[in-house]
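Visitor: Encoded as structure tokens, here's the structure I'll be asking about.
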Amino acid sequence: MRRFEFAVDREHARAVNEVVADLRRLRVLGVGAAIALGLGTAFLVWVNHPWSWLLAVAFLLGAATSLFIGLWTPHRGRVDRLYAAGELVPAVVSETDGSKAVLLALVDLAKPNTDGPRYALVTRTVRSLPGHRNRIGEQVPSVTVRIDRAPGSVGDLWQSVSAMPIAWGTRDLNIIERARTTIRDVEWQLLTDNLDLADKVRHVDAKRLLLDPQQLPEELRG
């Protein structure tokens, strides 16, 4: 896995990093749901009917799950940990719409110990790209954020992989440029050649498009 180390500007990341903002909202929703379900549990216990006890157990389990999400999210959402854990990947602007842009990224969906990489195209709509020009083809070095929603899930591929721009973690243009040049030209070229697939990726259910290993450049077949 290709790592990219740099000093994360936490103040900058809190202001512009949309992954951190999403996790912050998830934390608030988790805690809010836990409180609501806890109150519902107390009410059902107070009703003291056989059916209410059954519902109270279900509400209590829901409250515990929501509370776990609310407490676990801040630990997972530390921006420096997200950047340290991710793999450096290429992403390019494939579409612009006013203040928004769509990034097309090349990511490896293979889990550890999988035989060889499994490259796919994924997209992400972003509202802010500090340090970059909002134009089609703009190269945006990023890191992956990987999620497997089922802890005991089987299979060789991650369920969800998205791209988080390096520019969301630093104001230093030299760091962004160093990340860009660390990525091989063949990867940037692959994205440029497939910009027209971005719209297709956005509309498939899985939100990703697996690439045929036999159609990849020799350098990426691993």
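Visitor: Could you list all residues from the stretch 68-103 that are at pLDDT below 80 and open to solvent by less than 80 Å² (accessible area, probe 1.4 Å)?
Guide: If the condition is that a residue be at pLDDT below 80 and open to solvent by less than 80 Å² (accessible area, probe 1.4 Å), then Ile69, Gly70, Thr73, Pro74, Arg76, Gly77, Gly98 are the ones that fit.
Visitor: Restricting the search to the stretch 176-208, which residues are in a loop (DSSP other than H, G, I, E, B) and open to solvent by less than 30 Å² (accessible area, probe 1.4 Å)?
Guide: Ile183
Visitor: Can you find, within the stretch 58-67, the residue that is modelled with the highest pLDDT among those that are surrounded by 13 or more Cβ atoms within 10 Å (Cβ to Cβ), more than 12 Å from Ala36 (Cβ to Cβ) and not small (Gly, Ala, Ser)?
Guide: The residue in question is Leu60.
Visitor: Filter the stretch 104-121 for residues that are open to solvent by 10 Å² or more (accessible area, probe 1.4 Å), part of a strand (DSSP E or B) and of a type in the set (Gly, Ala, Ser) and give the result.
Guide: Passing the criteria: only Ala110.
Visitor: Then there is this: So in the stretch 3-28, with the set limited to residues that are over 18 Å from Ser128 (Cα atoms) and surrounded by 14 or more Cβ atoms within 10 Å (Cβ to Cβ), which one is modelled with the lowest pLDDT?
Guide: Leu26
The values are calculated or read from the model by the stated rules, or taken from the named source; none is laboratory data. As the structure is a prediction and not an experimental result, all values here were calculated from the model. Every residue, glycine among them, receives a Cβ derived from its backbone with ideal geometry; neighbour counts consider all protein chains shown. Ligands, DNA and RNA are excluded from the accessible area calculation, which covers all protein heavy atoms including side chains. Shrake-Rupley method; radii C 1.70, N 1.55, O 1.52, S 1.80 Å.
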